[in-house]
Amino acid sequence: MKAFRLDELEAERAANEGAYLQFLRERNMSVGLYALDAGQTDPQQPHRQDEVYFVVSGRAAITVGTETTQVGRGSVVYVPAGVPHRFHHISEDLRVMVVFSPPEG
């Protein structure tokens, strides 16, 4: 078993001064914590993997392809591989758990 605490992951991500911290990588998936502060621009490009976003905290909009929806704590969004997507109108600091399948990178 591998177990993680969100507060520890957030501290590690912040200490490494990056928006993304991959904290689990297995044969068929990887998981990371993605952080964007209020008003920040999301620089993401489409990924080669399917993704699932789980919003841990914050508020924003996300556009996937041509569809846009509002997200907040508890929201779950699926993004197919290769589809352009980004968070925008980030009104509260956003913390998102990201699951990639197959593993990212």
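A 1.4 Å probe run over the stretch 1-104, with the rest of the protein chains in place, finds 59 Å² accessible per residue. Based on the Cβ-Cβ distance from HIS88 to ALA15, what FRET efficiency comes out when R0 is 35 Å, to the nearest 0.05? For HIS88 and ALA15, the calculated efficiency is 0.85.
For the set HIS85, HIS47, the ranking by accessible area, highest first and with no ligand, DNA or RNA atoms included, is HIS47, HIS85 under a 1.4 Å probe. You can think of it this way: the chain between THR66 and ARG27 has 10.9 nm of extra reach, that is 0.36 nm per residue less the Cα-Cα gap. Dipole orientation for the chain: of the candidates ALA81, VAL96, ALA11, ALA81 has the Cα lying most toward the positive pole (charges on Cβ; Lys, Arg +1; Asp, Glu -1). Length gained on full extension, VAL52 to ALA38, computed as 0.36 nm times the residue gap minus the Cα-Cα distance: 2.9 nm.
Of all accessible surface on the chain at a 1.4 Å probe, what whole percent is carbon and sulfur? Whole-percent figure for carbon plus sulfur exposure: 51.
The values are calculated or read from the model by the stated rules, or taken from the named source; none is laboratory data. Note that the structure is a prediction, hence the values are computed from the model and not measured. So basically every Cβ, Gly included, is an ideal-geometry build from the backbone, and we count neighbours across all protein chains shown. Keep in mind that these areas ignore ligands, DNA and RNA; they rest on the heavy atoms of the full protein, side chains included. Shrake-Rupley method; radii C 1.70, N 1.55, O 1.52, S 1.80 Å.
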